[in-house]
Amino acid sequence: MPPVGVLRFPGRGSASDAGSAEGPHSHDFLGLAYFERGGGSLRLDDREWPVEDGDAFVIAPGEVIGVGAGMSGFRRGEGWTVSFPPEVLGPQAPGAFLSWRAHPLLFPFVRGTGNPGAQRLRVPPGERASWSGRFSALDAELRRRRDGYREAVLSHLTLLLVELSRLAADVVGDLRLKDEPLLAEVFGFIEERYAERISLKDVARAVGLTPGHLTTVVGRKTGRTVLEWISERRMAEARRLLVETDLPVEEVGRSVGYDTPGYFVRSFRRAHGTTPLAWRRAGRP
């Protein structure tokens, strides 16, 4: 079965309640939430968004998701979510935590993580029926699983991502990644070395640019600095280790590139608003 998941949330059943009960969490796949009817608010990392009719939220791997302060209103929301790993788009879509960002159809997810204007996109009223139709068709193929459903799922997902990319282009201009070998090199280097003591200079040296030039290019194309990408990768692995292993907090910090426990705890608290130990306790049954 294709590793694609589609969920219809009617706003009056278990879907909304389950989302609010789960609390802040993150995933290692990409997600797209589309609200046919708004209500309440949604938190992504350190930002809270009011949810309105026609909102589409892009959610990148590792982003912390939660229900905002308007939880009772959030239950009124209606819409769809689709989740999928990058590799579902084919062999040209690298599946590493950072390097997937070089795929052209996943451009909105890159911009969304560092550009508030691209995190929450507004689907024009005239296009909303088409968006609902895409999600509904995906859901039908995955439920019925008739002959050829795998190809049909990929086709519907690809068309949805094309529509998303066009919508994002209206917000962030023409800074599409397309075939961006420089960013692929940057993210590939971070993916391989994030657990070591690497710096901006190390990354710049690896890709043959000055630190200043690299900072400008990466910031312009992704909305984040190289150091922020290094930190994001480290924190994503730290969250995984905290929940899935029994390693002491100090060892978790060392495993993701932090030399001292105090620095790791301060960095984690700054990124998540809680301590590593509290995150571990909240993430386990």
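Estimated from the Cβ-Cβ distance and a Förster radius of 41 angstrom, the FRET efficiency linking ALA195 and TRP49 is about 0.80.
Take the Cα of ARG166, step 7 Å toward its Cβ, do the same at ASP202, and the gap between the two points is 4.4 nm.
Of the trypsin sites (Lys or Arg not before Pro) found in segment 179-285, those in coil by DSSP whose Cβ has at most 11 other Cβ atoms within 10 Å are ARG197. Normalised by the number of residues in segment 188-285, the mean separation of alpha-carbon contacts (under 8 Å, six or more apart) gives a relative contact order of 25 percent. Would you please classify the overall shape of segment 214-285 from the alpha carbon gyration tensor, given that a ≥ b ≥ c denote the square roots of the eigenvalues, rounded means a/c under 1.5, and beyond that prolate means a/b larger than b/c while oblate covers the rest? Because a/c hits 1.5 or more and a/b exceeds b/c, segment 214-285 counts as prolate.
The 3J(HN,Hα) values that the Karplus relation (6.51, -1.76, 1.60; θ = phi - 60°) gives for segment 270-280 are, in residue order, 5, 7, 10, x, 7, 7, x, 5, 5, 5, 4 Hz. Gly and Pro appear as x. I need the calculated FRET efficiency for the pair ARG145 and ARG240, taking r as the beta carbon distance and R₀ as 35 Å, to the nearest 0.05. Efficiency for this residue pair is about 0.65. Between amide H atoms placed 1.01 Å from N, distances below 5 Å from LEU30 occur with PHE84, all of them 5 or more places distant or on a separate chain.
Bear in mind that the values in this text are calculations on the coordinates, not laboratory data. If you're wondering where the values come from, they're calculated on a predicted model, not measured in any experiment. With ideal geometry, Cβ positions are generated from the backbone for all residues, glycine too; neighbour counts draw on all protein chains shown.
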